[in-house]
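Report on one structure; see the data block that follows.
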Amino acid sequence: MLPLPDYTRRKPLAGGRWGYYFTPPSWALNPREGEDRGPCPVGCEALGTDYDAAVKRVERVLLPVFDSWRTRGLAELAPQRPRKGTLDWLFAEYRGTLAYQKLGRKVRALHEAGFALVGGHQLKDGRRLGEVVLTSIDAGVVDPLYRKLLPMLDKNGAPVLGLDGTPRERRTTVNHAMKSCRRAWNVVARLHRTEVPPNPFAGMGLVSSDGIVKEATYADLVAAVAQADTMGLPSLGTALMVTWEWLQREEHIFTRFELAHYRPRGREREVLIVHPKNGESVWIPLFDPRGGALFPELMLRMDHLKANRIGNGLFFVRDWIDRRAGVPLPWATKKGALDLMGVKVRSILRAANIDPAVTFTSFRHGGLTELGDADLTDAQIRAVSRHKSPKVLTRYVKRTEKQIVEATKKRRASRPVLNIFGDGGER
């Protein structure tokens, strides 16, 4: 049986059909003497046999008018909660669970973007998909929706074409949206077994895009750091060097890296790099056994940024003094947002004429690829990056031509010297 809005009932009719009726409570139809709200503006009404049309009229017309009269207009000021049993309701229930609340800020934002994309999709009858009851959403709805959301459209609704003339897709974005809905559905289904039907977002066979982040080159790093200094943003140039040399993610650099992590008292020859994503951390030596600096250029900038600063606050702060606080503020806001930092980094990269596909993350991938080009083993790379599995490295350490050439040389050098060509010589 499909769920019905408040004060709505169904009645069996001839031919196996159902009729739907809106019936306000008796106290509203027969108000007591002295009632100051006046007569109820809505009465009993036959809604026909079309379930969707009946629900749509009750929720959009009859119930809002009735609630406004019942609360003397206060209902119009209160935030409207989604109707129970709808997709919007499922998203709201998921937000109230511990499974959602323990997620990081960026993951929750990714989920919310997916909920908005799927729940906000407009159907042919004018409703949003979020307003549809869960029992009406199955694979026959979700699979066509996935295909419809894939094309990238401009502001006029026309497909966006790539350089080769083929329509561009936002496959990664849509895949994330489907996965977010699948996760929310699974969590809420465990809490409301009778209200939530089988998950239509499961088993979709999503086809991922290549998902390859373009790695920056060392020349890009040099150009970006120089441009950051020119624009009066040396802290961001130093942060780019940190993600290249020490392979730390941008959110960790700006929200977790503290003054006490760099050359603290008692460990003046080391830096602590933390990777909250996988719970790993590593003390990286800054000098070799003979006392030579391992990162001379970066250490010079880090020492300059730390000079005359005390306490255990965040290491990376903005390059200007805030008028109200009287001191430079951290790049990260109290909620961990890095919007301003992202805007400034993009302006640096544009001014340095660096490939538009290069982002802050590209410099960490570039650093990892440089480790691969230097013929380090997977174990040596993981000792610095703190990746737990060598399988993960293939996402970051790009297979370059230099690696292939060096691998081929090592492979041939390991072979025994044999004459296999029959001409008395070796080729």
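The values are calculated or read from the model by the stated rules, or taken from the named source; none is laboratory data. For clarity, every value in this text was computed on a predicted model and none was experimentally measured. Positions of Cβ are backbone-derived with ideal geometry, glycine not excepted, and every protein chain shown enters the neighbour counts. For accessibility, only protein heavy atoms count, side chains too; no ligands or nucleic acids. Shrake-Rupley method; radii C 1.70, N 1.55, O 1.52, S 1.80 Å.
Let me spell it out: the conditions are (1) out of contact with any helix residue (DSSP H, G or I) (no Cβ under 6 Å at 6 or more places or on another chain); (2) open to solvent by 30 Å² or more (accessible area, probe 1.4 Å); (3) modelled with pLDDT of 90 or more; (4) farther than 16 Å from Val345 by Cα, and Thr230 meets all of them except one. Which number is the exception? Only one criterion in (1) out of contact with any helix residue (DSSP H, G or I) (no Cβ under 6 Å at 6 or more places or on another chain); (2) open to solvent by 30 Å² or more (accessible area, probe 1.4 Å); (3) modelled with pLDDT of 90 or more; (4) farther than 16 Å from Val345 by Cα is unmet by Thr230, namely (4).
Could you run through segment 261-277 and say how many residues are surrounded by fewer than 22 Cβ atoms within 10 Å (Cβ to Cβ) and touching a strand residue (DSSP E or B) at 6+ places or on another chain (Cβ under 6 Å)? Talk me through it step by step, then tell me what you get.
Going residue by residue through segment 261-277, those that are surrounded by fewer than 22 Cβ atoms within 10 Å (Cβ to Cβ) are 261-270, 272, 274-277.
Next, only the ones that are touching a strand residue (DSSP E or B) at 6+ places or on another chain (Cβ under 6 Å) stay: 261-262, 269-270, 272, 274.
Number of matching residues: 6.
Which is open to solvent by 20 Å² or more (accessible area, probe 1.4 Å) and either within 24 Å of the chain's Cα centre (by Cα) or within 16 Å of Val345 (Cα to Cα) (or both), of Glu258, Glu195, Glu251? Walk me through how you get there before you give the answer.
Working: Glu258 fails: either within 24 Å of the chain's Cα centre (by Cα) or within 16 Å of Val345 (Cα to Cα) (or both); Glu195 fails: either within 24 Å of the chain's Cα centre (by Cα) or within 16 Å of Val345 (Cα to Cα) (or both).
On inspection, the qualifying residue turns out to be Glu251.
State whether one or more residues within segment 117-136 are open to solvent by 30 Å² or more (accessible area, probe 1.4 Å), β-branched (Val, Ile, Thr) and closer than 29 Å to Glu251 by Cβ. No, there is no match, as no residue in segment 117-136 is open to solvent by 30 Å² or more (accessible area, probe 1.4 Å), β-branched (Val, Ile, Thr) and closer than 29 Å to Glu251 by Cβ. If you go through segment 90-111 one residue at a time, how many are touching a residue at least 24 places away in the same chain (Cβ under 8 Å) and either closer than 25 Å to Leu150 by Cα or in a helix (DSSP H, G or I) (or both)? Counting residues in segment 90-111 that are touching a residue at least 24 places away in the same chain (Cβ under 8 Å) and either closer than 25 Å to Leu150 by Cα or in a helix (DSSP H, G or I) (or both) gives 10. For Val174, the test of being open to solvent by less than 40 Å² (accessible area, probe 1.4 Å) and touching a Leu at 6+ places or on another chain (Cβ under 6 Å) is passed. Going through (1) under 21 Å from Val188 (Cα atoms); (2) out of contact with any helix residue (DSSP H, G or I) (no Cβ under 7 Å at 6 or more places or on another chain) one by one, Gly126 falls short only on (1).
Conditions tested, residue by residue: (1) modelled with pLDDT under 85; (2) surrounded by 10 or more Cβ atoms within 10 Å (Cβ to Cβ).
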{"residue": "Met1", "(1), (2)": "yes, no"}
{"residue": "Arg10", "(1), (2)": "no, yes"}
{"residue": "Leu13", "(1), (2)": "no, yes"}
{"residue": "Trp18", "(1), (2)": "no, yes"}
{"residue": "Glu33", "(1), (2)": "yes, no"}
{"residue": "Asp36", "(1), (2)": "yes, no"}
{"residue": "Pro39", "(1), (2)": "yes, yes"}
{"residue": "Gly43", "(1), (2)": "no, yes"}
{"residue": "Tyr51", "(1), (2)": "no, yes"}
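Going by the conditions given, is Ala337 in contact with a Ser or Thr (Cβ under 8 Å, 6 or more places away or on another chain), within 22 Å of Arg105 (Cβ to Cβ) and part of a loop (DSSP other than H, G, I, E, B)? Spelling it out, it is not the case that Ala337 is in contact with a Ser or Thr (Cβ under 8 Å, 6 or more places away or on another chain), within 22 Å of Arg105 (Cβ to Cβ) and part of a loop (DSSP other than H, G, I, E, B).
Please verify whether segment 292-310 includes one or more residues that are closer than 21 Å to Leu338 by Cβ and of a type in the set (Gly, Ala, Ser). No; the residues of segment 292-310 include none that is closer than 21 Å to Leu338 by Cβ and of a type in the set (Gly, Ala, Ser).
Arg350 meets the conditions (1) touching a helix residue (DSSP H, G or I) at 6+ places or on another chain (Cβ under 7 Å); (2) modelled with pLDDT of 90 or more; (3) more than 15 Å from Phe254 (Cβ to Cβ) in every case but one. The failed one is (1). Is at least one residue of segment 125-132 at pLDDT 90 or above and among the small types (Gly, Ala, Ser)? Yes, there is a match, as at least one residue in segment 125-132 is at pLDDT 90 or above and among the small types (Gly, Ala, Ser). Condition check for Arg183 on (1) more than 18 Å from Ala139 (Cβ to Cβ); (2) touching a helix residue (DSSP H, G or I) at 6+ places or on another chain (Cβ under 8 Å); (3) modelled with pLDDT of 90 or more; (4) open to solvent by 40 Å² or more (accessible area, probe 1.4 Å): one failure, at (1).
What number of residues within segment 110-161 satisfy the criterion of being hydrophobic (A, V, I, L, M, F, W, C) and farther than 25 Å from His192 by Cβ? It would help to see each step written out before you state the result.
Within segment 110-161, the subset hydrophobic (A, V, I, L, M, F, W, C) is 110, 113, 115-118, 123, 129, 132-134, 137, 139, 141-142, 145, 149-150, 152-153, 158, 160-161.
Filter once more, keeping what is farther than 25 Å from His192 by Cβ: 149-150, 152-153, 158, 160-161.
Adding up the residues that qualify gives 7.
Within segment 59-70, residues that are more than 20 Å from Pro3 (Cα to Cα) reach partners that are modelled with pLDDT under 80 and outside any helix (DSSP H, G or I) with beta carbons closer than 7 Å, at six or more positions or on different chains, in the pairs Trp69/Arg37. Scanning segment 278-305 for residues being under 19 Å from Trp331 (Cα atoms) and open to solvent by 50 Å² or more (accessible area, probe 1.4 Å) gives a total of 2.
Conditions (1) on the phi > 0 side of the Ramachandran plot; (2) among the basic types (Lys, Arg); (3) surrounded by 10 or more Cβ atoms within 10 Å (Cβ to Cβ), marked per residue:
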site: Ala307; (1), (2), (3): no, no, no
site: Arg318; (1), (2), (3): no, yes, yes
site: Arg323; (1), (2), (3): no, yes, no
site: Gly336; (1), (2), (3): yes, no, yes
site: Ser362; (1), (2), (3): no, no, yes
site: Gly367; (1), (2), (3): no, no, yes
